[in-house]
Structure formats: structure tokens, C-alpha cells
1. Tell me, please, whether a residue that is surrounded by 14 or more Cβ atoms within 10 Å (Cβ to Cβ), in the same structural domain as residue 443 (by TED's automatic domain parsing) and modelled with pLDDT under 60 can be found in the range 234-247.
2. Please indicate, with yes or no, whether at least one residue in the range 488-496 is within 30 Å of the chain's Cα centre (by Cα), at pLDDT below 75, outside the structural domain of residue 141 (by TED's automatic domain parsing) and under 22 Å from residue 254 (Cβ atoms).
3. So which residues in the range 419-436 are surrounded by fewer than 24 Cβ atoms within 10 Å (Cβ to Cβ) and in a loop (DSSP other than H, G, I, E, B), if there are any at all?
4. If you check residue 244 against the conditions, is it more than 30 Å from residue 435 (Cα to Cα) and in contact with a helix residue (DSSP H, G or I) (Cβ under 8 Å, 6 or more places away or on another chain)?
5. Condition (residue is in the same structural domain as residue 353 (by TED's automatic domain parsing), assigned to a strand (DSSP E or B), farther than 30 Å from residue 529 by Cα and in contact with a helix residue (DSSP H, G or I) (Cβ under 8 Å, 6 or more places away or on another chain)) applied to the range 445-468: is it met by at least one residue?
6. Check off (1) crowded, with 17+ Cβ neighbours inside 10 Å; (2) more than 25 Å from residue 248 (Cα to Cα) for residue 441 and give me the number that stays unchecked.
7. Do we have residue 363 as surrounded by 19 or more Cβ atoms within 10 Å (Cβ to Cβ), part of a loop (DSSP other than H, G, I, E, B) and at negative phi here?
8. For the range 147-166, what are the residues that are touching a residue at least 60 places away in the same chain (Cβ under 8 Å) and either assigned by TED's automatic domain parsing to the domain that holds residue 296 or in a helix (DSSP H, G or I) (or both)?
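The values are calculated or read from the model by the stated rules, or taken from the named source; none is laboratory data. In this text, all values refer to a predicted model and were calculated from it rather than measured experimentally. Neighbour counts are summed over all protein chains in view; Cβ atoms, including those assigned to glycine, are modelled from backbone coordinates with ideal geometry.
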């Protein structure tokens, strides 16, 4: 027996009415809004939203009823809302941030579907869908998602038209056409506001995204931590040089500087423990425009060594590292200048020397003894550095991504047993020996090299380019970069990892890299995306000033932007008014209407003005009552007018032209007869 709440329709194929189409449109736009976040929302959220949408659509088809409005149902809705709130809190550990807020908004919109009964309710659902669209735009502004955003905006506007009209004459196709025309009309003013609305510094719309670190350098390094990034081929950042491009061997991109070592792990000090010596920058600076991808940490990267911080909320530390106040959760672009050569102007402080030669504990005893013996054979620090590099060169060390496991004495195991490792192993061992020999040393992590995009003329630095090297303090020179990896594998300084160790990456990445036409296609697509990011997403006040200079208004600044914004907006309003002039200006009557209006004006003193709802024949009858002697003339004119306006003559231009002349002659004769007194 069929349950009372399950009422199957008699005909599934029947056409939906205007009310049902409006409700279906509200369901569709909410589902599209949630679909924009399908990869970031919890699975339970997607299932709950889909379940509510299916229930509401079955109610549209009269298969199941909507929940009632009784007190019990209202309490149930309150319980469901509270449950959704707690579920979001359990999933994200917070209600703050873009991800958690999106999940909560999706659930609220889904529950609202189950109580939509009026057009106002349906408009609220469409409003929720539009807020979901806004959240998607804040989360991801990539070029590939832009068509989906435009599609959602188009469908949402069409849904609003269907909800507002609720007429059989406004079909979904008509609503889509109306929405498309409205959006196209808004494009000019959108372009004006995009170009000339003054941009504020920083990320005005930045919100906590709730993301966590996935790939990228951390603030510590243990054996094997760097080589785990090699399998990630995603771009870390892109660089467009605004000056001469440095050679590949000089492309060291400075990141976290690690100064604290416990014998196994190198860590970055949270606070400055000593004052670094000031430096003199030598040579011509290299100017770069860097577009940094999100890595959910606080460091910014630049060519070693940075001259100044690019922004007020980014600090240049004493060890020449760029550190932001907030994690990089969104793609950010900045311009910096770097000097490839520097020289210290003061000696290293006593505290700095003591901290940077410290080796706490008793780990790696063989390395300590080896450093002492090697130090005793040389005369100065430079010779000590050269002797250690010669040891790496001559003792059979090999560059590998698959070194054996190490014990707590990781440096001893690497230097004297396996002699097999990656850049992190070489940098850690070299710095340890330097410290054990009394030479201040620290490990620097970052990236080396990059892949040149010849189509866009910029450099792509990938996660697979992650690298570690050492800096040692040499009196008279200051901090000096020493890369022991370059001694063991010199090609690493000039070639990328995928060329040097092709098996390090996945088979798919190797295939794409080895196919020339696929590689060029990927470079072309990356260039398009980079242009979109630079020219559209990262369009800022600096680029607005450049635009003003090209327009000859470079000295006006904010005032120039305001004037152009106002002028563009006014021109757009005038264009809209001109486009809608047919709605504001009454159309001029044609020749037939002018003749008929002339007859009505002549007859008005007799029978009074013609009423708006009055037919031609009815008006002629009133004229006949007032002047029976003019009855035939008035009736002939009314019939003649009716035939020309509504009859076959209206579609025959030649006949109509002759008939118009005859009608005009009859009206003039009527006016003459009207002046004569009746017999």
C-alpha cells in the first residue's frame, strides 16, 4: 500500500508550470553554487545538500510533500540547524575562515530549500547561491574556473527573472536571454571599475582559508626532508626579470635560514639571537617581479641577496630572509632587487660567532674528530673550506635521492659510511664540520635554478627545484655561499632535477617533459595563466599608475583615477539611457494615426473627446447622434480607418497609400461640412 506522503503523479511527462519552473531554478543555482566548492567541502556536506535538493525537487513534482509548518516541524528545523553548526565545527575546528563559512552557508541554503513556499524564499536561496559564488571567487581566481563563475552568474540572474515573472511567457530560454543581455550591458561599467577604481595596498578581500601546508620548505631540515619535495612538479613561484637575467648557476632563491642544530635536525631560530654584520652590496642589482604560489607559510623568496623589503607587512631579517606577517594563503606578486655579490663591512659579533659554531650534545663524534684533524693541517679558514670541499670531491661521494637510513649520528653515517645523499645531506655535513673546526656556519634552504618559459620570457621555479646550501663566515668577506652539492654533482648548478635525475619524478611528468610539442603546449598554457594572474588578478595601484602614464595622466594619481571612474560611469549611464529611449519617449504617430487624430479633433466639439477605450465605429455613432446630417461622412471615415488599420489593406503598401489619400480628402471634406449649419 502506498504511503500517504508518497504521492506518485499520474503523468511524469507533464510540462512543469511557472511556479514549478521557478522552484526548480532555485534548486539548480544552489547546487551549482555548492558544486564550485566540491573539492574543498566535506563529503557529508555534499551528501546533505544533494539530499535536500532531491527532496525539494520531488516536492516540485508532487511526489513527496514539503515539511509542514507546525511547531514540531519548526523544532526539527532548529535541531537540524544546530546539528549542521556542530558538524561544521567538528570538521574545521572553527567557524571562522572561508572554508568553514562556505560549508556552513551551504548547509543553511540546503535547509532553506525545504521551507521554500513563496517567491521571497526562492530569492533567498538564489542569494545564498550568489554568496557561494563570491566565496569561490575569493578562494580561487584561476583562469580555468572563470568560465564556471560566469556560467553561475548567468544562471542565477535567469533564475531571478523566472522567480519574479512566474509567467508562461517567460520560459527558461527567455530568462537566459534576458539575463545574458543584462550581464552584457553591465560589462562596460565592470571594465571601468576594474581599471579605474583606486586599489588599496594589500589584500583587501583576504580571508582565512583554513588551508594547511602541503608542499614547500619548512623551518627545519632533517636528512631526507628536501628530497621529499622532488616528486612535486608544481610551480613554487614564477619570476619575470626586469633587468639582465643571471646565469643558471647564480639563481639561488633564498628561503628559511637554519642556525640551530641538535646533531640531527637543523632549525630556524624564532627570534634574532645576535646582530648580523652590515653588508655592502656590490655590482648591478637584479630586479625581479615574482609571483609566489600559496604555500601556507610565512616566507617569501627572492634571488640572493635582497636589497630591501617589497612591502610594509614583509620583514627583511638580519640573515637576509623575507618573512611575512601572515602565511601565504593566496597567490601574491611583488618586485624586489637583489645583489649577487655582497661584502661585510664589520666583523661578526662575539655572540654570533659563539652561537654559529655551537654543536650541542655529543652527537657525531667522528665528524668532530675529523674536523679537528683537518683544521690542524691548514693555515686559515679559507684553506679549511677548500680542504673540506676536496674531501667531498675525492672520497667517492655520490648524489642520490635514495640514501640509506641514518642513525642519530646522521652526519657520521653520511660522511664515513654511506657517502650517498642529496643536497640536504651535503649542506648539513659541511656546516657541521665547519662548526666543529671553529668556522661559523649556517644552512640556507630555498630553490636553485628554474625552468625558462621561452613563450612568456619568465622563469618557472618548481617545488622539485628545492635546494639547500651552506654559508660560512670568512673574515674580510663576511657570509660566503658554499654549495658542496656543486662539488659532487657540478651539473646540478646548471641543470634541473628532471634532467639530472629523470627517474625522480612520476612517469606522467617525464612523458610530458620529454615530448617537445606537449612541453610547448604546457608552456603556452602556463604563459596564458601567468598573464591572467599578472594582468587581471594582481592588477594593483602600481599598474593603475602605469595605465595613467600611458594615457598622459601620470601626474594626477588618485585624482586622475577618480575622474576617469566618474567619466566612464556617466558615459555608461548615458549609453543605457539611450538604449532604453524607446521606453521613455513616446513613439511618433504614423500618417494614418495623424489623419484619424485630425478627424477626432474636428469632431470633438460635437461629441466630446474620443475615449481611450472607444472604437472608431462607436465614436462615429456619437458624432451621428450630435449631427445626423454628418452621419454618413463620419461612418465612412470610421470604416475606412478601420479597414486601413486592421484589414488586409494594412499589408498592401500601394493600396494603403491611395487609401490614405482618399481618407485624408474625406476628413478635410468633413471639416468643411462641419462649418455649415444643419438645414
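1. Within the range 234-247, not a single residue is surrounded by 14 or more Cβ atoms within 10 Å (Cβ to Cβ), in the same structural domain as residue 443 (by TED's automatic domain parsing) and modelled with pLDDT under 60.
2. Yes, because at least one residue in the range 488-496 is within 30 Å of the chain's Cα centre (by Cα), at pLDDT below 75, outside the structural domain of residue 141 (by TED's automatic domain parsing) and under 22 Å from residue 254 (Cβ atoms).
3. Across the range 419-436, the qualifying residue is only 419.
4. No, not satisfied.
5. Within the range 445-468 (the criterion being in the same structural domain as residue 353 (by TED's automatic domain parsing), assigned to a strand (DSSP E or B), farther than 30 Å from residue 529 by Cα and in contact with a helix residue (DSSP H, G or I) (Cβ under 8 Å, 6 or more places away or on another chain)), the answer is no, since none of the residues qualifies.
6. The failed condition is (2).
7. Yes.
8. 148, 149, 151, 152, 155, 156, 158, 159, 162, 163, 165
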